[in-house]
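Read the structure below first, then the notes.
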Amino acid sequence: MGTIVIGDKEYKGDTISIMNKKLYVDGHVVEEGIATIIVKGDVDEVKSDGSIAVVGNVKGDVKAGESVRCGNVEGDVKANSVDCGNVNGSVQVSKEVICKKEKDYGGKEN
């Protein structure tokens, strides 16, 4: 389960997405006017029209309209640019991809 902190509010959920600047956690709109998300902890799935950073791993798919930065991904990754650890599925990128084994959020190899 991932945690999202926005201002002084904290949301926890397995599926997190931003579509049309609305933040959805497990299928429910919890915030509006959001463009970029940072998730702390592992999450099942993440989708966003903007950029995504996951300080942890994605157990399923991650899809972003801009960039993705995360640990390992068990599913597929689709974005303009990707900086992540191992990807078990496919990677669709229009600009740049960096995938390294055991990569942490800070971009350092373990």
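The values are calculated or read from the model by the stated rules, or taken from the named source; none is laboratory data. Computed from a prediction, not measured in an experiment: that's the story for all the values here. Every residue, glycine among them, receives a Cβ derived from its backbone with ideal geometry; neighbour counts consider all protein chains shown.
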Query raised in the report: Based on what the data block shows, is I37 under 10 Å from the mean Cα position of the chain (by Cα), at pLDDT below 80 and surrounded by 17 or more Cβ atoms within 10 Å (Cβ to Cβ)?
Result: yes
Requested in this report: Kindly list, by first and then second residue, each pair from a residue in region 18-39 that is under 22 Å from G56 (Cα atoms) to a residue that is loosely packed, with under 14 Cβ neighbours inside 10 Å and at pLDDT below 90, limited to pairs with Cβ atoms under 7 Å and residues at least 6 apart or on different chains.
Outcome: I34/K21; A35/K21
**Report entry** Pick from region 98-110, criterion surrounded by 11 or more Cβ atoms within 10 Å (Cβ to Cβ) and of a type in the set (D, E), ranking: modelled with the highest pLDDT
**Finding:** E102
Report summary line: Within region 2-34, residues being surrounded by 14 or more Cβ atoms within 10 Å (Cβ to Cβ) and not in a strand (DSSP E or B) number 3
Report task. Could you identify the single residue in D49, D76 that is crowded, with 16+ Cβ neighbours inside 10 Å, among the acidic types (D, E), modelled with pLDDT of 90 or more and out of contact with any His (no Cβ under 6 Å at 6 or more places or on another chain)? Result -> D76
Report summary line: Considering region 84-97, residues that are crowded, with 16+ Cβ neighbours inside 10 Å and either under 11 Å from the mean Cα position of the chain (by Cα) or small (G, A, S) (or both), and then whichever is nearest to V54 (Cα to Cα), we arrive at C84
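Just a yes or no: is a residue in region 45-67 part of a strand (DSSP E or B) and more than 15 Å from V82 (Cα to Cα)?
The initial filter retains those residues of region 45-67 that are part of a strand (DSSP E or B), namely 45-48, 51-55, 58, 62-64, 67.
Those left that are additionally more than 15 Å from V82 (Cα to Cα): 45.
Yes, region 45-67 has at least one match.
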Query raised in the report: Does any residue in region 68-86 that is under 14 Å from V46 (Cβ atoms) and in contact (Cβ under 8 Å) with a residue 24 or more places away in the chain come within less than 8 Å, Cβ to Cβ, of a residue that is of a type in the set (F, W, Y) and in a loop (DSSP other than H, G, I, E, B) six or more places away or on a different chain, and which pairs are these?
Result: R69/Y105; C70/Y105; G71/Y105
